[in-house]
Structures are given as structure tokens and as C-alpha cells.
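Trainee: Got a structure here, written out as C-alpha cells. Questions coming.
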Amino acid sequence: MSDFIAAEDRVLLERHGLASFEALWALKLEAVDEPNTERGGWSSVYRLELDERAYYLKRQSNHLTRSLLKPLGEPTFAREFRNIRRYAELGIPALQAAFFAERRVPGEHRALLLTRALDGWRDLDHWLQRWAELSDAQRSAILRACGELARDLHRARQMHGCFYPKHIFLREGAAGFDAQLIDLEKTRPLLLGERDRIKDLEPLLRRAGLWSEAEVRQLLTAYLGEKGDIERWYQRLGARRRHKEMR
């Protein structure tokens, strides 16, 4: 895969001497959290601010995922970058990539991914923590935004794989809430129809356990439409949730 640099970000990166893998790899920044070392290598995330624009720079070494197509492994960022591009092509609201590249050096397979920061957006966990303080109109708008995001995702025949509150970002505006997704590494095509759709949605409802039955039905109405079989979906999601909780 050749180096990628978004046209909208090229001039800014070039002005700061950061339009190459080598410059971004060598940049001295403080990580925003502890490195991920689960896969035998390491992966870290840094915040980068250039003029009035903010990014998140993710760098990794030997942090690989394996598949039938890549039995020897590839950087997890390579998979996430492909999914970011796919979401953009399909019109699914999600984070945007500014730069991606990977390099092989002796003993290492390195990759970096630069994405635009979602400043002004808050993840659904933030809104759930304030749920009791929100107005009925705000709650309804959030439920509608989440249901419509799931609808757009599944209509595009994609399964997110980690449809959790921490991966759904929301921004409040005059007309309600906009929503988009982050963390696309586990995205895959929607292969099993309704079964995959239930599997994708249920973790959201389990982690948003404070939602009432009426609120879950509001989300399902936004997802399925007014004429959708809300009752059957509500029962199926509840059955899967009970099964997962028992395990």
C-alpha cells in the first residue's frame, strides 16, 4: 500500500515539515495513554496540534493482525485505514484519515495513521453519564441519531463489530445531534443479514443499560422506520442480551 495523504491536509502538513512517514515517526510527542502491547509489538496514540487544527497520531511497531488474506500479518492500522476509506466511499459517518503509511525495517513492521481530531464531539458514554440531566428532547435526539447511524451502517452492508457507546461520537446542533463512528478495525461486511445486525446492535443496548424500554423502542424506530417490526426486534435483542449476561 502506497503512502496516503489527504488533499485537505497536505498543505498544512507540508508547511510544518510533516508530510512524510519519517517526519511523523520521529516527531517527539507525549502519548495520551499507555501503549498497547497485546499483540507482541506496541501501539501508541498522541495528540498533534498544528495551527488551529488538531489530529491524533497513532504509531505502532510489530502490532499485527492476521487473516486468511494476510496469514503472516499486517499492521492493525492498515486494516483500520482501509475501513476508514471504505466508510467514506459508502457515505457512513466516521472519523477521517489525514495520513497513512507503513515501513519495514530490520526486525520491525511499522505503521502510522493520522486522523483528524473530533474536537467538539463527545462519545455516547459522556452523554449517558449525564442522562438524568438531559431534556426529553435531547434524549430523543440522541436515540434517533444512534438509530439512524446504525441504519446507515447496515444499509451499506457493513458490520462495525464494536458498536459500543465509547465508539459512537455525537455533536449537538440546532437541529439535534449528529453521530459518527470511530475504531473501525473490526469492521467487516454484513454477511448473515439480520443475525449480524442483531449481533452488532446488542452490545450497544447492553452497555447503555439505563435506557428504558420506551427509549430502546425509540432507537429501534429510528433504525427500522415507523413500519418496522419493533416488537420482534426488541424481543430478539433482549434474548441475546440475556444470553450474553448469563455467560
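The values are calculated or read from the model by the stated rules, or taken from the named source; none is laboratory data. Quantities reported herein were computed from a predicted structural model and do not represent experimental measurements. Here the Cβ positions follow ideal geometry from the backbone for every residue, glycine too, while neighbour counts run over all protein chains shown.
Trainee: Is it the case that the range 54-73 has a residue that's more than 27 Å from Gly120 (Cβ to Cβ) and touching a residue at least 60 places away in the same chain (Cβ under 8 Å)?
Mentor: The answer is yes, given that some residue of the range 54-73 is more than 27 Å from Gly120 (Cβ to Cβ) and touching a residue at least 60 places away in the same chain (Cβ under 8 Å).
Trainee: Which one of Leu192, Leu219, Leu128, Leu143 is loosely packed, with under 14 Cβ neighbours inside 10 Å and either in contact with a Lys or Arg (Cβ under 6 Å, 6 or more places away or on another chain) or not charged (D, E, K, R) (or both)?
Mentor: Numbers: Leu219 fails: loosely packed, with under 14 Cβ neighbours inside 10 Å; Leu128 fails: loosely packed, with under 14 Cβ neighbours inside 10 Å; Leu143 fails: loosely packed, with under 14 Cβ neighbours inside 10 Å.
Answer to the selection: Leu192.
Trainee: Here are some conditions: (1) over 23 Å from Arg82 (Cα atoms); (2) of a type outside the set (A, V, I, L, M, F, W, C); (3) more than 17 Å from the chain's Cα centre (by Cα). His126 meets all but one. Which one does it not meet?
Mentor: Unmet condition: (3).
Trainee: For the range 14-26, name all the residues that are touching a strand residue (DSSP E or B) at 6+ places or on another chain (Cβ under 7 Å) and surrounded by 14 or more Cβ atoms within 10 Å (Cβ to Cβ). Let's see the steps before the verdict.
Mentor: If we filter the range 14-26 for residues that are touching a strand residue (DSSP E or B) at 6+ places or on another chain (Cβ under 7 Å), which is where we start, we get 16, 19, 21, 24-25.
Answer for the range 14-26, where residues must be touching a strand residue (DSSP E or B) at 6+ places or on another chain (Cβ under 7 Å) and surrounded by 14 or more Cβ atoms within 10 Å (Cβ to Cβ): Ala19, Phe21, Leu24, Trp25.
Trainee: Filter the range 3-36 down to residues that are assigned to a helix (DSSP H, G or I) and of a type in the set (Asp, Glu) and give me whichever is nearest to Thr76 (Cα to Cα).
Mentor: Glu22
Trainee: Answer yes if at least one residue in the range 167-179 is touching a strand residue (DSSP E or B) at 6+ places or on another chain (Cβ under 6 Å), among the basic types (Lys, Arg), in a strand (DSSP E or B) and modelled with pLDDT under 95, and no otherwise.
Mentor: No: the range 167-179 contains no residue that is touching a strand residue (DSSP E or B) at 6+ places or on another chain (Cβ under 6 Å), among the basic types (Lys, Arg), in a strand (DSSP E or B) and modelled with pLDDT under 95.
Trainee: Sticking with this structure for a sec: Of the conditions (1) touching a Pro at 6+ places or on another chain (Cβ under 9 Å); (2) loosely packed, with under 11 Cβ neighbours inside 10 Å, Lys227 clears all except one; give me its number.
Mentor: (1)
Trainee: Scan (1) surrounded by fewer than 16 Cβ atoms within 10 Å (Cβ to Cβ); (2) at pLDDT 95 or above; (3) of a type outside the set (Asp, Glu) for the single condition Thr37 breaks and write down its number.
Mentor: Here Thr37 clears every test but (2).
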